[in-house]
Every structure is written in C-alpha cells, then in structure tokens.
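The values are calculated or read from the model by the stated rules, or taken from the named source; none is laboratory data. In this text, all values refer to a predicted model and were calculated from it rather than measured experimentally. Positions of Cβ are backbone-derived with ideal geometry, glycine not excepted, and every protein chain shown enters the neighbour counts.
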C-alpha cells in the first residue's frame with residue numbers, strides 16, 4: 001500500500017534530473033528570447049538615429065524650403081511621437097511578458113507541456129511582430145527615398161531656373177552693350193564726317209592761298225574693277241599737283257586696313273591713267289591695328305596721324 005504512495009529514491013532522482021534538464025532548457029530559451037529583445041532594441045535605436053539625422057537635414061534646408069518642409073516636419077514629428085509611444089507600449093508589453101515568464105518559470109515543473117505551447121505561441125507572435133516591424137522599416141525607407149528624390153529634383157529645377165535667369169541677364173547685357181556701341185559709333189561716324197569735311201576744306205584753302213598749289217577734288221574711274229571687283233568711280237579728297245610732284249591725300253576720322261588698300265589701288269589707277277606715280281598720304285585721327293599691318297604690304301602709302309600713333313613709311 002505504501003509502495004503506491006511513495007516514490008522510490010531512484011525514481012525520485014530521475015524526476016529531479018529531468019526537472020533540472022527542463023529548467024536548463026527553459027533558461028536557454030529565455031536567453032534566446034532576451035537576445036531577440038536586444039536585437040529589436042538595437043533596431044529601435046538605429047531607427048531613432050535615422051530620424052534624428054533626417055530632422056537635422058530638414059532643419060539645414062528650412063530657410064529655403066520652409067513652406068514645403070513645415071508640413072513634413074509635422075508629419076515626421078507625429079510619426080516620431082507615435083514611434084516613441086509605440087516603443088513605450090512595446091517596453092511595457094515586454095515587461096509584462098517578463099513577469100509572465102517569471103510566473104511561468106515558477107509553474108514550469110507542473111505545467112511543462114502547456115508552457116511549451118505558450119512559448120511556441122509567443123515565438124510565433126514575435127516572428128509576426130518582427131515581420132510587421134520590417135515592413136514598416138521598408139515603408140519608411142521608401143518614403144525617405146521618395147523624399148530625397150523629390151528634394152534633388154527640386155534642387156535641379158532651381159539650378160536650371162537660376163541658369164536660365166543668368167543667361168537671360170547676360171543676353172540683355174550683351175544687347176545693351178551692342179546698343180550703346182552702335183549709338184556711340186553712329187555719333188562718332190557723324191562727328192568724323194564733319195571733321196573730315198572741315199579739315200579737307202582747310203587744307204585746300206591754305207595750300208591755294210599761301211603756296212599757290214593747285215588743289216582740287218577729283219574722281220578716279222576704275223573701269224576694270226581693280227578696287228572692288230566691279231567698275232566704279234572713287235572720289236579723291238585732295239589732289240595736289242605741281243610741276244614735279246602729284247600728291248593724293250585721303251582724309252579719314254579713323255583708318256582701317258580697307259582704307260589703306262583702297263588708297264594703294266587708287267594710286268595704281270592714277271599712275272596708269274596719268275603716267276605719274278603719286279605720293280599717297282592718309283590723314284587720320286585714329287589708326288586701327290590691322291591698318292598698320294596692311295601698311296607693311298602697301299609700302300607706297302604714308303599715314304600721318306596723332307603723335308601717339310604716327311608712323312611714316
């Protein structure tokens with residue numbers, strides 16, 4: 001009768017050994033669960049850092065994009081508050097689970113099978129929670145990527161608008177420069193023509209009155225089109241003739257290489273027509289650089305200008 005009530009010592013030892021093994025297995029499983037909790041906490045910390053970095057970047061660009069980012073700041077702030085609330089709720093749930101696990105550990109020896117089932121249910125719940133959390137992280141990553149792409153597009157559009165504005169400004173400045181140049185050139189051209197006419201008449205009057213030279217305005221007939229490639233008449237401003245010397249003087253406010261070449265060819269036509277090689281003189285107030293270069297080729301032309309640019313061939 002007593003043998004049915006009391007357990008033999010050997011059986012008791014086996015039962016205690018089995019309970020010890022059960023406890024060690026339970027401790028290992030608790031250790032695995034704690035590691036999973038630590039991984040989840042690390043991911044939460046990483047997510048906190050990412051939110052902090054995003055908030056810093058939004059503040060950096062707040063001055064230029066205040067209106068657009070104010071709405072996003074509010075959304076992100078709400079999301080951050082929601083996340084913090086969620087983390088607090090999760091921590092509370094973890095604390096509750098810890099209490100449940102402690103109570104479960106005390107009852108483990110009597111309810112091993114039920115405890116195993118509850119552990120399996122908890123693991124499934126944790127896996128589902130992890131999958132849900134991963135999906136939320138992926139959604140947040142997509143939102144961040146979309147926001148970053150939108151910001152980059154906005155920056156590119158802004159740069160293009162600035163470039164277009166700068167190009168328009170440069171175009172307007174160039175048009176204004178051309179306009180001012182044309183106005184000044186037209187004024188200078190008109191002034192130069194008046195000066196040429198006055199100087200021409202003055203030279204003619206001085207030479208006639210004081211030196212008795214024959215000074216006249218004449219025209220050269222370019223029948224063969226030597227100067228411009230087609231027949232034409234060309235006016236000679238001043239033609240001074242004496243018994244021994246013929247001088248052709250061309251008066252210009254400013255002289256280009258075309259003026260030097262033209263006077264050189266007029267001299268050729270005059271020599272062909274009269275049989276006398278004339279002295280060719282350009283009286284000018286300003287000589288362009290290419291006119292001096294042309295003078296190297298047209299060696300029979302002399303330029304008389306201001307002392308700063310005077311060069312006599």
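Quick notes on this one:
- Meets criteria (modelled with pLDDT under 85 and within 47 Å of the chain's Cα centre (by Cα)) for residue 144: yes
- Index of the failed condition, residue 23 passing every other in (1) modelled with pLDDT under 85; (2) farther than 30 Å from residue 152 by Cα; (3) assigned to a helix (DSSP H, G or I): (1)
- The set of residues in segment 234-261 being crowded, with 17+ Cβ neighbours inside 10 Å and part of a helix (DSSP H, G or I) consists of 257, 259, 260, 261.
- Filtering segment 97-111 to residues that are touching a helix residue (DSSP H, G or I) at 6+ places or on another chain (Cβ under 6 Å) and part of a helix (DSSP H, G or I) leaves only 104.
- Filtered residues of segment 222-232 (kept if more than 13 Å from residue 262 (Cβ to Cβ) and either out of contact with any strand residue (DSSP E or B) (no Cβ under 8 Å at 6 or more places or on another chain) or in a strand (DSSP E or B) (or both)): 223, 224, 230
- Extreme residue, farthest from residue 255 (Cα to Cα), among residues of segment 278-313 that are assigned to a strand (DSSP E or B) and at pLDDT below 85: 311
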